[in-house]
1. Can you name the condition, by its number, that residue B:110 falls short on among (1) touching a residue at least 40 places away in the same chain (Cβ under 8 Å); (2) within 9 Å of chain A (Cβ to nearest Cβ); (3) closer than 17 Å to residue A:48 by Cβ; (4) charged (D, E, K, R)?
2. Residue A:46: surrounded by 13 or more Cβ atoms within 10 Å (Cβ to Cβ) and either in contact with a Gly (Cβ under 9 Å, 6 or more places away or on another chain) or without any contact (Cβ under 8 Å) to a residue 24 or more places away in the chain (or both), yes or no?
3. Name every residue in the range B:20-64 that is assigned to a loop (DSSP other than H, G, I, E, B), in contact (Cβ under 8 Å) with a residue 60 or more places away in the chain and more than 10 Å from chain A (Cβ to nearest Cβ), in order of residue number.
4. As an exercise: evaluate residue B:81 against (1) facing another protein chain (nearest Cβ under 9 Å); (2) loosely packed, with under 14 Cβ neighbours inside 10 Å; (3) more than 30 Å from residue B:131 (Cβ to Cβ) and give the number of the one condition it does not meet.
Amino acid sequence: MLILSRKSGESIVIDGRIHVKVVRVEGDVVKIGIEAPSDIPVHREEVYQEIQRSNQQALTKQQSSLPKLAGSPAKTPKTSQP
Amino acid sequence: MNAVDKIDMETLATPTLNEVRLPTGLLGFEHIKDYVLLANPAEQPFAWLQVKDDVALAFIVIDPYIAVPEYKPNLPQLDIENLGIQNPDDALLLSIVTVHGNNRATMNLKGPIVINRRTHIGKQIVIANASDYSVQHPLPVAAV
């Protein structure tokens, strides 16, 4: 991992187009400003971890029964009552 | 590329199988790339995204708009281009469902799976406005 020392107000530039600036340092919290082209997704790492955990929880190991949606709004598929 | 049947979950009359390839896998399951999307009219609005090489492993998926008609995921343009999606009708959007016991189920609105209906290639995309949505958005499940 590349480790750089930066002071408040200083930046690093990635690939000539992504600017990461240390905006403020308060105790153990660092405020970071990121300027990147709109096609570069920027997220907190926790978002990926959250989705990863959710995927792991969602995986079903056998063909379990599906829930039934309660009075679902709009676009409810037509079902005929027996 | 050979023509493939266009995936359409809404007009299914019979159980259908569609092979789906997710070249980057799902987050946490990057090594699993080949799936079969199995939709049975009797089980709508749910469908199964089954692991092709292990039929015992599957994800339950749903068209998120059925439960949240106002859902507005902001999909990065680069992902859309890489998937070869040229107009909105090409895209099939699915949310992964988690079943928590008998009467609670949620769906992931932060990371939908976007599939090109024509090529059957897809990707789990972290939407740009992920902070507006939950990974565990509650589904209105009827008590069994």
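1. Residue B:110 satisfies every listed condition except (1).
2. Values: surrounded by 13 or more Cβ atoms within 10 Å (Cβ to Cβ): no; either in contact with a Gly (Cβ under 9 Å, 6 or more places away or on another chain) or without any contact (Cβ under 8 Å) to a residue 24 or more places away in the chain (or both): yes.
Answer is no for this residue.
3. Within the range B:20-64, B:22, B:23, B:24 qualify.
4. (3)
Residue-wise test of (1) more than 9 Å from chain A (Cβ to nearest Cβ); (2) in a loop (DSSP other than H, G, I, E, B); (3) surrounded by fewer than 17 Cβ atoms within 10 Å (Cβ to Cβ).
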| residue | (1), (2), (3) |
| --- | --- |
| B:66 | no, no, no |
| B:97 | no, no, no |
| B:102 | no, yes, yes |
| B:122 | yes, no, no |
| B:128 | no, yes, no |
| B:135 | no, yes, no |
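Here, each number is a calculation from the coordinates, and none is a lab measurement. These numbers were taken from a predicted model, which means no experiment stands behind them. A quick note on method: Cβ atoms are made from the backbone with ideal geometry, for glycine too, and the neighbour counts reach across all protein chains shown.
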